[in-house]
Amino acid sequence: MLACIQRDHTSEFPVCIYKCAFMSLIALGINHRTAPVELRERVAFTGEHIADALRDLVALPSVSEAAILSTCNRTELYCGLQDERVEILTDWLARFHRLDPATIHPHLYSFPDNDAVRHLLRVAGGLDSMILGEPQILGQMKEAYQAADDAGTLDAVLSRLFQHTFSVAKQIRTDTAIGESPVSVAFAAVSLARQIFSGFNEHTALLIGAGETIELTARHLSDQKLGRLIVANRTQERAHCLATTFNGYGISLDEIPAHLAEADIIISATASSEPILNKAMVKKALKHRKHRPVFMVDIAVPRDIDPAIAELEDIYLYTVDDLQEVIQENLKSRQQAALQAEEIIDVQVERFMAWLRAQGAVSTIRDYRQQAERQRDAVLEKARNMLANGKDPQQVLEFLAHTLTNKLIHQPSVQIRQAAECGNTELLQAALELFKLQKD
């Protein structure tokens with residue numbers, strides 16, 4: 001078998017052993033860089049359909065295992081294929097969503113084998129996100145892994161790859177500053193609040209508005225284990241709907257004065273043409289709070305919070321412009337951290353691929369060991385019979401050692417001799433390395 005090995009010029013490892021013994025890893029998808037939101041919406045997988053989609057995907061003839069990551073910014077399939085026909089995944093994705101393959105094909109990307117591993121690690125580390133280094137994607141990836149595990153569509157390789165990915169993402173967060181500097185308005189606001197309040201679990205936040213920025217802010221606060229959340233909005237139903245998502249409660253804008261004294265953190269982002277909070281209102285709330293500090297962020301344009309409120313003691317008021325300065329400075333810091341993260345990923349891609357290549361040898365090692373054990377058992381049985389028939393134990397031991405040695409080295413010796421006759425120097429060199437022989 002070794003005589004037919006073809007080598008990959010980019011690797012020291014025999015490629016045909018890996019390819020024949022194992023499948024191809026493929027990452028195929030569409031994201032915010034390759035497709036508009038209108039198309040991303042059409043290929044997204046909702047929670048109630050994900051299990052059916054996974055089982056339908058692995059039912060394809062060449063797909064041995066699969067996981068699906070679907071967020072607002074990306075839909076990606078991670079698969080083990082028994083061949084390299086990536087188009088089978090493209091056709092399936094289009095068919096599942098009742099789309100013409102030609103509609104999505106120009107927007108798709110695919111990464112094979114080690115590039116698939118690299119892509120997965122970069123996604124988990126936040127290096128492929130719209131906001132560099134954002135942490136939410138790792139949680140979404142863990143949910144994708146759990147969904148595939150629950151659906152029974154993971155096997156040894158993808159399961160190991162996801163576990164490796166989670167470990168590498170943690171290393172990136174620990175060893176670099178990729179997640180320490182806020183680069184979104186919502187994240188920047190929450191991060192600044194953390195500089196004032198160390199334990200969010202003992203504090204209350206009042207969010208004014210119910211748009212995308214406020215929703216993202218609520219998510220960040222929830223991730224930081226906020227104690228209580230109040231959402232105020234012109235439409236109380238919308239405020240209640242958003243608040244209950246994060247175990248909070250909703251109020252109307254008219255109810256703000258009655259709850260203002262409860263809030264340690266106030267973040268506002270409405271479309272109001274007039275300020276929502278005025279100095280007199282906040283001054284009264286501070287008196288009820290006995291001047292415990294309040295952190296405020298006004299993200300709205302025009303402003304929701306009267307600038308004169310900043311004159312009050314114990315008020316920390318930031319505007320959207322203040323946050324932009326923080327964001328731009330922190331983006332530079334994240335870009336530097338991203339370079340460090342890429343170096344970690346380079347090492348970890350090779351580490352996983354080394355493990356994967358080793359799996360290609362497992363069955364060969366097992367078969368070789370079983371063959372040697374059968375030969376051993378056969379010779380041992382003859383030796384026992386000789387002892388039972390009264391043969392001299394010394395002669396039996398010599399027979400055992402001589403016969404077993406001959407059986408174990410016979411086939412390799414034949415192959416090496418034939419390689420020499422054919423001028424197969426590659427196999428001869430491999431034999432020297434395999435058997436740790438010193439060439440004279």
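The values are calculated or read from the model by the stated rules, or taken from the named source; none is laboratory data. Remember, it's a predicted structure, so these values are computed and weren't measured experimentally. Positions of Cβ are generated from backbone atoms using ideal geometry, with glycine treated the same way; all protein chains shown enter the neighbour counts.
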### Message
Among the residues in segment 247-256, are any more than 23 Å from residue 334 (Cα to Cα) and buried (at least 21 other Cβ atoms within 10 Å of the Cβ)?
### Response
yes
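Part of a helix (DSSP H, G or I) and at pLDDT 90 or above - does that describe any residue in segment 317-334?
No - not one qualifying residue is present in segment 317-334.
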### Message
Exactly one condition in (1) at positive phi; (2) of a type in the set (Asp, Glu); (3) touching an Asp or Glu at 6+ places or on another chain (Cβ under 8 Å) is false for residue 314; which is it?
### Response
(3)
### Summary
The correct count of residues that are modelled with pLDDT of 90 or more and either touching a strand residue (DSSP E or B) at 6+ places or on another chain (Cβ under 8 Å) or among the acidic types (Asp, Glu) (or both) in segment 162-185 is 2
### Query
So is residue 263 in contact with a Gly (Cβ under 8 Å, 6 or more places away or on another chain), within 22 Å of residue 194 (Cα to Cα) and either of a type outside the set (S, T, N, Q) or surrounded by fewer than 17 Cβ atoms within 10 Å (Cβ to Cβ) (or both) or not?
no
### So residue 154, is it assigned by TED's automatic domain parsing to the domain that holds residue 36, of a type in the set (A, V, I, L, M, F, W, C), in a loop (DSSP other than H, G, I, E, B) and surrounded by fewer than 18 Cβ atoms within 10 Å (Cβ to Cβ)
no
### Task
Would you mind stating whether residue 66 is under 23 Å from residue 152 (Cβ atoms) and within 12 Å of the chain's Cα centre (by Cα)?
no
### Query
Residue check: is residue 238 farther than 10 Å from residue 208 by Cα and among the charged types (D, E, K, R)?
yes
### Task
Select, from 232, 239, 188, 243, the only residue that is modelled with pLDDT under 90, more than 23 Å from the chain's Cα centre (by Cα) and not β-branched (Val, Ile, Thr).
188
### Query
So which of 414, 396 is surrounded by 10 or more Cβ atoms within 10 Å (Cβ to Cβ), part of a helix (DSSP H, G or I) and touching a helix residue (DSSP H, G or I) at 6+ places or on another chain (Cβ under 6 Å)?
396
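Would you point out the residue of segment 278-314, among those that are in contact (Cβ under 8 Å) with a residue 60 or more places away in the chain and either of a type outside the set (Asp, Glu) or over 16 Å from residue 231 (Cα atoms) (or both), that is surrounded by the most Cβ atoms within 10 Å (Cβ to Cβ)?
The extreme case among them is 297.
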### Query
Any idea which residue in segment 346-393 is surrounded by the most Cβ atoms within 10 Å (Cβ to Cβ), counting only those that are without any contact (Cβ under 8 Å) to a residue 60 or more places away in the chain, closer than 30 Å to residue 116 by Cβ and small (Gly, Ala, Ser)?
358
### Query
residue 154: farther than 23 Å from residue 33 by Cβ, hydrophobic (A, V, I, L, M, F, W, C) and touching a helix residue (DSSP H, G or I) at 6+ places or on another chain (Cβ under 6 Å), yes or no?
yes
